[in-house]
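Single-structure report; data block below.
The values are calculated or read from the model by the stated rules, or taken from the named source; none is laboratory data. In this text, all values refer to a predicted model and were calculated from it rather than measured experimentally. For neighbour counting, all protein chains shown are included, and Cβ atoms are generated from backbone atoms with ideal geometry for every residue, glycine included. Note: accessible area is taken over every heavy atom of the protein model, side chains too, but ligands, DNA and RNA are not part of it. Shrake-Rupley method; radii C 1.70, N 1.55, O 1.52, S 1.80 Å.
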Amino acid sequence: MANALIACRSVTYAQRAVRLLERHGLRASMRKLPADLPETGCGHAVRVKHEKLAQAIQLMKDDGFPVKTHFCEDENGEVLLCP
């Protein structure tokens, strides 16, 4: 998997999370999630490289972000449940 997507509660949380991760040296961006995915909150997610997922989640939790669900994004941009 190329990227991981961390579902956020709101657009504001997603924006704040991107800034937080970038301050800690992780490349991050926002992405709208497909509407048919379960537990997507507001439908926005933070995109990071899959190998940085654990670090991103830990940084977000340490800063008080409610992190529940994450997904994988393949090379074609298709969003899937992570194995």
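Could you look at the chain and say what percent of its accessible area is carbon and sulfur, using a 1.4 Å probe and all protein chains? Solvent-exposed carbon and sulfur of the chain make up 48 percent of the total. Computed over the chain, the per-residue total of -39500 (n - 2.57) for DSSP H runs of n ≥ 4 gives a 222 nm mean residue ellipticity of -8500 deg cm²/dmol, rounded to 500.
Near residue 61, once Lys and Arg are set to +1 and Asp and Glu to -1 for all other residues with Cβ below 15 Å from its Cβ, the sum equals +2. Estimated from the Cβ-Cβ distance and a Förster radius of 41 angstrom, the FRET efficiency linking residue 2 and residue 62 is about 0.95.
Which of rounded, prolate, oblate describes the chain, given a ≥ b ≥ c as roots of the alpha-carbon gyration tensor eigenvalues and a/c under 1.5 marking rounded, otherwise prolate only if a/b is larger than b/c? Oblate, because a/c is 1.5 or more while a/b does not exceed b/c.
What whole-number value in Å² describes the accessible area per residue of the chain for a 1.4 Å probe? Can you show the working numbers first?
Working: 4890 Å² over 83 residues.
On a per-residue basis, the chain sits at 59 Å².
Each Lys and Arg adds +1 at its Cβ and each Asp and Glu adds -1 at its Cβ; summed about the Cα centre, the chain shows a dipole of about 400 debye.
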